[in-house]
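Engineer: Dropping a structure here in structure tokens format, bear with me for questions.
What follows draws every value from the coordinates through simple rules; no lab data is involved. The shown structure was predicted, so the numbers you read here are calculated from the model rather than taken from an experiment. Here the Cβ positions follow ideal geometry from the backbone for every residue, glycine too, while neighbour counts run over all protein chains shown.
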Amino acid sequence: MTQFLPPNLLALFAPRDPIPYLPPLEKLPHEKHHNQPYCGIAPYIREFEDPRDAPPPTRAETREERMERKRREKIERRQQEVETELKMSVSPWMSHCSPWMLFSTL
């Protein structure tokens with residue numbers, strides 16, 4: 001089908017030049033020569049921290065403990081709010097009256 005196209009459109013379907021070959025930057029892993037053979041961690045053991053000198057690990061609270069603590073704090077905070085509301089609701093000039101008599105002032 002493309003052979004029937006005009007030359008200007010046929011040029012759009014022409015193949016590109018092949019990609020030029022570039023040698024790899026590094027050798028492949030199996031071609032590398034290691035200067036030193038692989039060894040264990042024995043030479044580095046003396047660099048580690050002595051476990052006797054390390055401070056004891058700090059214990060973080062668990063999820064259940066955190067939820068219990070937040071629940072207790074919320075209850076305490078709400079109790080304090082209720083106490084302050086009660087103190088504010090009874091005004092000083094009504095302190096000599098009983099709480100039942102408050103509606104008689106209306």
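Engineer: Could you name the aspartates and glutamates in cross-link range of Lys87, using Cα to Cα under 17 Å and dropping any fewer than eight places away on the same chain?
Structural biologist: In chain and number order, the partners are Glu76.
Engineer: Sticking with this one: Tell me the label-point distance for the pair Glu47, Thr62, using the 7 Å Cα-to-Cβ offset, in nm and rounded to one decimal.
Structural biologist: Taking the simple label geometry, Glu47 and Thr62 are separated by 3.9 nm.
Engineer: Within 10 Å of each candidate Cβ there may be at most 16 other Cβ atoms; applying that plus a DSSP loop requirement, which chymotrypsin sites (Phe, Trp or Tyr not before Pro) in region 1-91 survive?
Structural biologist: Answer by residue number: Tyr21, Tyr38, Phe48.
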